[in-house]
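Working notes for the structure below.
Readers should treat all values here as calculations from the given coordinates under stated rules, not as data from a laboratory. Everything numeric in this text was worked out from a predicted model, so none of it was measured. Every residue, glycine among them, receives a Cβ derived from its backbone with ideal geometry; neighbour counts consider all protein chains shown.
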């Protein structure tokens, strides 16, 4: 089968959908107490609130599985958008200030409004959006070129990082909240925490798929894209907001999950090439599968103890990324 | 056709071109020549509406181009920059990008789009590269693919920024012959060329620039006879007749 042909792409997507379904089933079934497939089906059919299996499934496993799927999808698509729009293969949500903005607001809430700590997810999301808007408004003063966005992202992140460190120095008690946020994890997630962020993720994902072809045109470079009738500055702004919406939403309930947004788009490109109309859904599927897998490992590796999923991701993601870089240097990667 | 009236333009509030008034003739090839940094590319970008002028007006068939929506303008005017990102896609898909202004909301190419793309590929004799990745092609082949994309965009006016730079002589001539073919199709071509000999041989009109202003805009013969090229570039130009084809050629040497 010819790589990048329609039938090849369909096969890849079908294969990933099957893998995702398997991952979802495993995620619901495996944990500190194992629940078999037949028990899962029974529990979901009977919906008996007194049943232990049903309570575990509906209040713990399903929200957690959904959180892994949503976070993986959101961070991967956000990374794919940024790498494509900024034409920078090392771009990830952190490059446009998402992580630093969310981090600052998390610390601010914990330090100055401890009674409102339940709003920490909303605060992280708002922080991410504000940081991105700041990055874009600075970059747009110099024409919003790709380099201007990357450089102002670095500057804003560094400035916000300094603000966060200042708050932490003055209010050291907030460091625990910050550490949990930095590592990232999916335990203790409820459907309530997911609903708003999930809505944003689905919305942004659909828009990203619709704008996939426009993203391809943007890859021709600013002048060629403008000459083809694309409003480059406006579209780049829309993509930045989409990337921020996706990553900010994921961060708001899962904390900073490292490497998903960086690695998954790379692997997706190896699989299906650079056409964003295919790359976006494949990144979403692969990101969800990768996050589900890491979360499963986080739960079972040291059972009954559980480690935050962010740690597993960094352990798997770091070496894998080094492997990709070495391959790329040897010219064996997809370029 | 496309008319610039008292245009001044540049970057970061610095004027690069000024007092530019020019009317590019329909169905002709115009070459913009001049020393490095004289504002050739700035003029090209301004005329194609990629760069907003500080003052003055640009009209296309009497219509102010700043009032034409982006996609509508892209159906009338195309611009091929000198430096471009080379995307990791096939020749067919890149040429199909030329149809972007014509695609609907779903961005799905219709039968007509596919036909136009296939014709453009055939016109540029790129059939055997159709499924090849653009990144794996040579500079000359890549340039032809971009010209095929411009052809697929199907605009009356085509602006080309140094289309032959970095190409070997064979590919240079091939690209210039292709540009002549575009003219025969009724297109208006305005290009920046560094090779004076090619500019004088292949163009219907020459626009010579100096310090952001147009020094002379006339036929190649008239521009040659004015000796303005010699003055601007500080060279000595001579017109010679090529032996076999009785075609006029130009040679240049330092004064």
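Within 10 Å of each Cβ in peptide B:82-89, how many partner chain Cβ atoms are there on average? Round it to a whole number, please.
Average per residue, whole number: 6.
Cα extents for the protein assembly as shown along the principal axes, largest to smallest and rounded to whole angstrom: 98, 57, 45.
From the largest down, the stretch A:82-150 spans 42, 24, 14 angstrom on the principal axes of its Cα atoms. What the pair-distance distribution of the stretch B:30-85 shows, using all Cα-Cα distances binned every 5 Å from zero, is 4, 16, 27, 24, 18, 8, 3 percent.
Computed across the stretch A:159-245, the Kirkwood radius stands at 16.5 Å (inverse of mean 1/r, all Cα pairs).
Report, for the protein assembly as shown, the % of DSSP beta bridges that are antiparallel, rounded to 5.
Values: 27 of 45 bridges.
For the protein assembly as shown, the DSSP antiparallel bridge percentage is about 60.
Spacing of the modelled spin labels on residue A:311 and residue A:41, each 7 Å from Cα toward Cβ, amounts to 3.7 nm.
For the stretch A:6-329, the relative contact order comes to 30 percent (Cα pairs under 8 Å, sequence separation of at least 6). Estimated translational diffusion coefficient (Stokes-Einstein, Kirkwood radius over Cα pairs, 25 °C, 0.890 mPa s) of the stretch B:1-129: 145 µm² per second. In this simple spin-label approximation, residue A:89 and residue B:107 carry label points 7 Å from Cα along the Cα→Cβ vector, and these lie 2.2 nm apart. For the stretch B:56-105, the calculated P(r) over all alpha carbon pairs, in 5 Å bins from 0 to the bin holding the longest distance, is 4, 15, 21, 20, 19, 11, 7, 3, 0 percent. For the stretch B:85-154, relative contact order (Cα pairs under 8 Å, six or more residues apart, normalised by length) works out to 52 percent.
Of the peptides A:83-93, A:14-24, how do they stack up when ordered by the mean number of other Cβ atoms within 10 Å, highest first? Present the calculation step by step, with values, prior to reporting the outcome.
Details: A:83-93: 21.1, A:14-24: 15.0.
Result, highest mean Cβ count within 10 Å first: A:83-93, A:14-24.
Averaging Cα coordinates gives a centre for the stretch B:37-97 and one for the stretch A:115-164; these two points are 33 Å apart. In this calculation the C-beta distance from residue B:115 to residue A:173 is compared with R0 = 56 Å, giving a FRET efficiency of 0.20. Apply the a/c threshold of 1.5 to the C-alpha gyration tensor of the stretch A:110-219 and tell me whether it is rounded, prolate or oblate. Oblate, since a/c reaches 1.5 and b/c is not below a/b.
Per-residue ellipticity at 222 nm for chain A, helices alone: DSSP H runs ≥ 4 residues times -39500 (n - 2.57), over residue total, nearest 500 deg cm²/dmol? Can you show the working numbers first?
Values: 15 runs with 248 residues, N = 335.
Using -39500 (n - 2.57) per qualifying helix, the result is -24500 deg cm²/dmol.
Note down the Stokes-Einstein diffusion coefficient of the stretch B:127-255 in µm²/s, whole number, using a Kirkwood radius over alpha carbon pairs, 37 °C, and 0.692 mPa s.
Once the numbers are plugged in, D ends up at 201 µm²/s.
Neighbouring Cβ atoms from other chains, within 10 Å of the Cβ of residues in A:210-217, number 4 on average. For the stretch A:68-209, the relative contact order works out to 28 percent when only alpha carbon pairs closer than 8 Å and six or more residues apart are counted.
More than 23 Å apart: what percent of Cα pairs in chain B qualify? Could the numbers behind the result be given before it?
Details: 17025 of 32385 pairs.
Summing the P(r) of chain B above 23 Å gives 53 percent of all pairs.
Hey, could you get me the Stokes-Einstein D for the stretch A:203-267, Kirkwood radius over alpha-carbon pairs, 37 °C and 0.692 mPa s, rounded to whole µm² s⁻¹?
Working: Rh = 13.2 Å.
Using the Kirkwood radius from Cα pairs, D works out to 249 µm²/s.
With the cut-off at 1.5 for a/c, could you classify the stretch A:193-335 from its C-alpha gyration tensor as rounded, prolate or oblate? Oblate, since a/c reaches 1.5 and b/c is not below a/b. For the stretch A:6-329, the mean projected area of the C-alpha convex hull, equal to one quarter of the hull surface, is 18.0 nm².
Across peptide B:60-73, the mean count of Cβ atoms from other chains lying within 10 Å of each residue's own Cβ comes to 1.
How much mean residue ellipticity at 222 nm does chain B get from its helices, if each DSSP H run of length 4 or more adds -39500 (n - 2.57) and you divide by all residues, to the nearest 500 deg cm²/dmol?
-9500 deg cm²/dmol
Would you mind giving the average projected area, over all directions, of the Cα convex hull of the stretch A:3-108 in nm² with one decimal? Display every interim value, and only then the final one.
Working: hull surface 42.6 nm².
For the Cα atoms of the stretch A:3-108, the hull's average projected area reads 10.6 nm².
Mind checking which of B:197, B:78, B:48 has the largest fluctuation in a GNM of chain B, springs on alpha carbons under 10 Å? It is B:197.
By its C-alpha gyration tensor, with a ≥ b ≥ c as the square roots of the eigenvalues, how is the stretch B:85-154 shaped: rounded for a/c under 1.5, else prolate for a/b larger than b/c, else oblate? Each step should come with its number before you reach the end.
Numbers: a/c = 1.99, a/b = 1.55, b/c = 1.28.
Prolate is the answer for the stretch B:85-154, as a/c is 1.5 or above and a/b outweighs b/c.
For the stretch B:83-201, the spread of Cα positions along the three principal axes, ordered from largest to smallest, is 46, 31, 23 Å.
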